[in-house]
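**Q** Let me begin by handing over the structure; questions about it come next.
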Amino acid sequence: MSIDRPFTIAGVTFGSRLIVGTGKYPSLEVMQACHEASGAELVTVAVRRLDLSAPKERSLLAFIDPRRLRLLPNTAGCYTADDAVRTCHLAAELGLSTWVKLEVLGDEKTLFPDVEATVSAARRLVKEGFTVLPYTSDDVITARKLEDAGCAVVMPLAAPIGSGLGIRNPHALRLILETVKVPVIVDAGVGTASDAAIAMELGCDGLLLNTAIAGAKEPVRMARAMKLAVEAGRDAYLAGRIPMKAYGSASSPLTGLVHGA
């Protein structure tokens, strides 16, 4: 049996290939239970949405176990490179992390990234010592530019953020996987476990999601389903699927059959 390579980002190896978020949950207790059920070891936190005035025992960070989960502050809600860079520096000053999920949005309706501003911000942040994990379009040229900028990974969308539409363009993801050498993590658009499995079956190194779990009717159960889907999809990728054929093919050998008189 083939041995899988470890899921490593910037020299840090993770046991889980699933990254989860902290927004939109019915309660902080449900969020915490979902984190546990997902098996994730890396969790995103929207810096601009942190309530720094909340009582310590009811703050978001009080429900994230730092012994098990590594924080990944993100720049959700930023629409310019300057704003995103400032948000990353704020995260560092708050002691959250110098690992950052970079989001620079270009449109309020679709929440698609502004790829030009994303590349610009990434270059600045890498030079300033940040480990950058950028949310981007499923465009191979932009992915290559982000890798050249020094990003630790590239994170192309599967579909618009929070849409639940699943993998809209698997061919684009395959091109990115063929082109860049850093890990490729699908970010945004996954709706259910089958979407997660498909992303992993394509050969993606990891998966980042939030709404699919937080917005499910039973978030904890969905978190567990996503954990299993990521594991199953990765195993299926390593195992190698059979070729697709236009016609049926007998599963039993045709040689040595007993024929009637």
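The values are calculated or read from the model by the stated rules, or taken from the named source; none is laboratory data. Only a predicted model underlies this, so the values are computations on that prediction, with no experimental measurement involved. Because the Cβ atoms are built from the backbone with ideal geometry, glycine has one as well, and the counts that use them run over all protein chains shown. With ligands, DNA and RNA removed, areas are computed over all heavy atoms of the protein, side chains included. Shrake-Rupley method; radii C 1.70, N 1.55, O 1.52, S 1.80 Å.
**Q** Can you tell me which of 154, 230 is surrounded by 19 or more Cβ atoms within 10 Å (Cβ to Cβ), among the β-branched types (Val, Ile, Thr) and under 14 Å from residue 18 (Cα atoms)?
**A** 230
**Q** Here's a follow-up. Does any residue of region 5-19 turn out to be in contact with a helix residue (DSSP H, G or I) (Cβ under 6 Å, 6 or more places away or on another chain), in contact (Cβ under 8 Å) with a residue 24 or more places away in the chain and farther than 27 Å from residue 204 by Cβ?
**A** Within region 5-19, none of the residues are in contact with a helix residue (DSSP H, G or I) (Cβ under 6 Å, 6 or more places away or on another chain), in contact (Cβ under 8 Å) with a residue 24 or more places away in the chain and farther than 27 Å from residue 204 by Cβ.
**Q** Here's something else I'd like to know. Any chance region 51-69 includes a residue that's within 29 Å of residue 117 (Cβ to Cβ), free of Cβ contacts under 8 Å to residues at least 24 places away in the same chain and either touching a helix residue (DSSP H, G or I) at 6+ places or on another chain (Cβ under 8 Å) or open to solvent by less than 50 Å² (accessible area, probe 1.4 Å) (or both)?
**A** Yes, that holds for at least one residue.
**Q** Scan (1) open to solvent by 20 Å² or more (accessible area, probe 1.4 Å); (2) over 18 Å from residue 66 (Cβ atoms) for the single condition residue 36 breaks and write down its number.
**A** Of (1) open to solvent by 20 Å² or more (accessible area, probe 1.4 Å); (2) over 18 Å from residue 66 (Cβ atoms), only one is false for residue 36: (2).
**Q** So, in region 216-227, how many residues would count as being open to solvent by 60 Å² or more (accessible area, probe 1.4 Å) and either touching a Gly at 6+ places or on another chain (Cβ under 9 Å) or modelled with pLDDT under 95 (or both)?
**A** Final tally of qualifying residues: 2.
**Q** Taking residue 110 as the residue in question, decide whether it is at negative phi, surrounded by fewer than 17 Cβ atoms within 10 Å (Cβ to Cβ) and in contact with a Pro (Cβ under 8 Å, 6 or more places away or on another chain).
**A** Considered against the rule, which asks whether it is at negative phi, surrounded by fewer than 17 Cβ atoms within 10 Å (Cβ to Cβ) and in contact with a Pro (Cβ under 8 Å, 6 or more places away or on another chain), residue 110 comes out as yes.
**Q** Hey, can you tell me all the residues within region 70-107 that are open to solvent by less than 50 Å² (accessible area, probe 1.4 Å) and polar (S, T, N, Q)?
**A** Matches in region 70-107: 74, 75, 87, 97.
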